[in-house]
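Notes for the one structure printed next.
The values are calculated or read from the model by the stated rules, or taken from the named source; none is laboratory data. For clarity, every value in this text was computed on a predicted model and none was experimentally measured. Every residue, glycine among them, receives a Cβ derived from its backbone with ideal geometry; neighbour counts consider all protein chains shown.
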Amino acid sequence: MESRLPYVRALIDQLGMEAFVELEVEMVRRQPVPMALVNALGEIHDPLPLTPAQARALALAAEGLTTDEIASVLTLSAHTIKTELKDARDRLGARNTTHGVVLAIRSGELPGLAGPRRPVAA
């Protein structure tokens, strides 16, 4: 499978990190996680809020980037990214990173998710 890192880097360079994350959140809105999957993952715990670093790492993980790719995009070490993702999972009560992404989406923890819907340029 081909890495999405060059594509993601180009988008971040062109749009900026905040606009990139908003675009990704809008894509999740348009192609939401199936409710059967969400329900199968169990109840949401009352999580602590994610730190901005945890939210950025989860947003990029949701995009399919590996730990090393996230580290490269955010100019951090892979060890730091692993720690941020683990801490995010712990705060959310998630069993794994995918579960963490679903819980973060459901709880509004990913940046821009709770905001009003805006049309995305075609």
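Is it the case, given these coordinates, that Asp46 is of a type in the set (D, E, K, R) and modelled with pLDDT of 80 or more?
On the way: of a type in the set (D, E, K, R): yes; modelled with pLDDT of 80 or more: no.
In short, no.
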Original post:
Within the stretch 53-62, which residues are surrounded by fewer than 21 Cβ atoms within 10 Å (Cβ to Cβ) and either in contact with a Lys or Arg (Cβ under 6 Å, 6 or more places away or on another chain) or touching a residue at least 40 places away in the same chain (Cβ under 8 Å) (or both)?
Top reply: Ala55
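Inspect all residues belonging to the stretch 1-16 and state whether any of them is in a loop (DSSP other than H, G, I, E, B), surrounded by fewer than 14 Cβ atoms within 10 Å (Cβ to Cβ), of a type in the set (S, T, N, Q) and at pLDDT below 70. First the steps, then the outcome.
The first filter runs over the stretch 1-16 and keeps only residues in a loop (DSSP other than H, G, I, E, B), leaving 1-4, 16.
Narrowing further to those that are surrounded by fewer than 14 Cβ atoms within 10 Å (Cβ to Cβ): 1-3, 16.
After this cut, where a residue has to be of a type in the set (S, T, N, Q) as well, the list is 3.
Now narrow it down to the ones that are at pLDDT below 70: none.
Taking every residue of the stretch 1-16 in turn, none turns out to be in a loop (DSSP other than H, G, I, E, B), surrounded by fewer than 14 Cβ atoms within 10 Å (Cβ to Cβ), of a type in the set (S, T, N, Q) and at pLDDT below 70.
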